[in-house]
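Q: Shown below is the structure under consideration.
The values are calculated or read from the model by the stated rules, or taken from the named source; none is laboratory data. Since this is a predicted model, take the numbers as computed values, not measurements. Glycine gets a Cβ as well: all are built from the backbone with ideal geometry, and neighbour counts include every protein chain shown.
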């Protein structure tokens, strides 16, 4: 029994490292329709974070602030920070997945709709 549990824990560790790399594991759970994510010593939550990628797009506003985000949006696309290219790429993936009317949200001021 112990060997089986140990083997399962090792397999989960290998899978996590393949998916997330060798840093600290992602701490994330869903509770009552909300995604909860642990970041350092804080627990963040949102109904809009269906995937970890959704969380990352929302967290950018918390981490970098409105002033920085609005200044980046004002720049031509070719001069914007890479996360904004990621935003467009994520919107494209969601658009081609058949989802319409989905809100892509990088904080309240960086919101746009697909479809």
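Q: Being at pLDDT 80 or above and either loosely packed, with under 14 Cβ neighbours inside 10 Å or in contact with a helix residue (DSSP H, G or I) (Cβ under 9 Å, 6 or more places away or on another chain) (or both) is the requirement here; does residue 111 meet it?
A: Values: at pLDDT 80 or above: no; either loosely packed, with under 14 Cβ neighbours inside 10 Å or in contact with a helix residue (DSSP H, G or I) (Cβ under 9 Å, 6 or more places away or on another chain) (or both): yes.
Spelling it out, it is not the case that residue 111 is at pLDDT 80 or above and either loosely packed, with under 14 Cβ neighbours inside 10 Å or in contact with a helix residue (DSSP H, G or I) (Cβ under 9 Å, 6 or more places away or on another chain) (or both).
Q: Within segment 34-66, take every residue that is more than 20 Å from residue 20 (Cα to Cα) and touching a strand residue (DSSP E or B) at 6+ places or on another chain (Cβ under 8 Å) and give me the one that is surrounded by the fewest Cβ atoms within 10 Å (Cβ to Cβ).
A: Result: 47.
Q: While we're looking at this one, here's another question. Counting just the residues of segment 25-47 that are within 16 Å of the chain's Cα centre (by Cα) and part of a loop (DSSP other than H, G, I, E, B), which one comes out nearest to residue 57 (Cα to Cα)?
A: 47
Q: In addition: Search segment 52-69 for residues that are farther than 16 Å from residue 35 by Cβ and pair each with any residue that is buried (at least 17 other Cβ atoms within 10 Å of the Cβ) when their beta-carbon atoms are under 6 Å apart and the residues are at least 6 apart or on different chains.
A: If the second residue must be buried (at least 17 other Cβ atoms within 10 Å of the Cβ), the pairs left are 69/110.
Q: Here's another thing I want to ask about it. Enumerate the pairs (first residue in segment 4-29 and more than 30 Å from residue 48 (Cβ to Cβ); second residue anywhere and at pLDDT below 90 and surrounded by 10 or more Cβ atoms within 10 Å (Cβ to Cβ)) with beta-carbon separation below 7 Å, excluding pairs fewer than 6 apart on the same chain, so at least 6 apart or on different chains.
A: Here the result reads none, with nothing in segment 4-29 linked to a residue that is at pLDDT below 90 and surrounded by 10 or more Cβ atoms within 10 Å (Cβ to Cβ).
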